[in-house]
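Notes follow once the structure below has been shown.
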Amino acid sequence: MGRVISYYKPPVTEYLSEHINSCLNLLEKLESSRIGRVGLSLDRNFVDEVRLSVVFHDFGKALYQSKISPRKSSVSFAGHEIFSTYFLFKFRKSIIKGADFNEYIKLKPALFAVTFHHHPMDIGRRLERVQQIKLNTSSLEDLQAELSFLRDDALSKEERDLLDSVVSELKGKIENGSIRIDDVKRIFREEICKGFYEKYTSGKEEDVILKKLSYLTLVSLVSVDYISASERRGEGTKFGDVIDEFYKLYLDI
């Protein structure tokens, strides 16, 4: 089994677990931060929503590993969030089957954040690009192995076991041909995004709370994702300066 790479531009190579752990390190003060206090006032599980969005946000990159080659100067993971969202969607459905919870908030904000953490790059166009990706079991085996390098508190034992069963189930579907790229795209459009539209255009009190939680989760994920990437890869931008300032004001106090 191989490691799952989340960034490749020689001489820099970053593994998925390294990036996730770095993002989680940046959230050490989340609970007491300005965003954390607001989020927790709306949902006692807010910190877990953010944590799981961070853990899942780049899972889809596991399916892009065949594109990585020493002969290439870099590799694009365009559209990986489609697959990351699919993993979290299946994970959430497994939780629904086995637990009693408020469906308006449990993992909906995390699902929203993972789906749209690259939204400025035109998610519609990125959705088209995933057609070239091949679903294969070896990539999922590598993903399962990569998860062993995550921080111990990244996932609870129950979450790790559940995630392992979700990935194993997906491997079985790939082997018997019951899941294809078109199926993932259809679920993303018709079940996930349509579900967002129905809830996020509603004026019901519970849906307004859901929208607030979702945007708080999204901005938390985008902030630590960008800062972690910049620190590791040595990339600085004006947008990065804004993110740094936002992080200091709302996530690091």
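Computed quantities for the displayed model
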item	result
Cα centroid separation - the range 174-238 against the range 108-140, whole Å	9 Å
Point-to-point label distance, ILE209-ALA145, nm (Cα→Cβ direction, 7 Å offset)	4.4 nm
Cleavage-rule hits, trypsin sites (Lys or Arg not before Pro), the range 199-253, DSSP coil, Cβ neighbours within 10 Å at most 10	LYS204
Sorted largest first, extent of the range 170-253 alpha carbons per principal axis (Å)	47, 39, 20
At q = 0.13, 0.14, 0.15, 0.16 Å⁻¹, base-10 log of I(q)/I(0) for the chain (Debye sum, equal scatterers on each alpha carbon)	-0.82, -0.96, -1.12, -1.30
Residue-span extension gain [ARG233 to LYS93] - 0.36 nm each, minus C-alpha spacing	46.9 nm
Separation of the LYS194 and SER66 label points, Cα + 7 Å toward Cβ, nm	3.0 nm
Neighbourhood net charge (13 Å Cβ-Cβ; Lys/Arg +1, Asp/Glu -1) for PHE46	+3
Neighbour cut-off at most 14 other Cβ (10 Å), DSSP loop, GluC sites (Glu not before Pro), the range 1-84	GLU28
Over the range 104-253, volume per residue of the alpha carbon convex hull, in Å³	164 Å³
Spin-label pair GLU245/ARG160, simplified geometry with 7 Å Cα→Cβ offset, distance in nm	4.2 nm
Two-decimal ratio, the range 1-76, of alpha-carbon radius of gyration to 2.2 N^0.38 Å	1.40
Stretch gain in nm, segment SER74-VAL38, where the contour uses 0.36 nm per residue and the Cα spacing is subtracted	9.0 nm
Share of carbon and sulfur in the accessible heavy-atom surface of the range 5-251 [1.4 Å probe, %]	50 percent
Straight-distance crosslink candidates among aspartates and glutamates, where the alpha carbon sits under 17 Å from LYS171 and sequence neighbours closer than 8 are dropped	GLU141, ASP142, GLU146, ASP161, ASP182, ASP183
Probe 1.4 Å, protein heavy atoms only - accessible area per residue of the chain in square angstrom	49 Å²
Computed over the range 5-251: relative contact order in percent, which uses C-alpha pairs under 8 Å that are six or more apart	30 percent
The range 53-102: chymotrypsin sites (Phe, Trp or Tyr not before Pro) in DSSP loop, at most 14 other beta carbons within 10 Å	PHE101
Euclidean distance of C-alpha centroids, the range 30-46 and the range 76-98, integer Å	24 Å
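The values are calculated or read from the model by the stated rules, or taken from the named source; none is laboratory data. Note that the coordinates shown come from a computational prediction; the quantities given were computed from them, not determined experimentally. Ideal geometry is used to build each Cβ from the backbone, glycine not excepted, and the neighbour counts take in all protein chains shown. The protein model used for the area step is the full one, side chains on, heavy atoms only, and it has no ligands, DNA or RNA in it. Shrake-Rupley method; radii C 1.70, N 1.55, O 1.52, S 1.80 Å.
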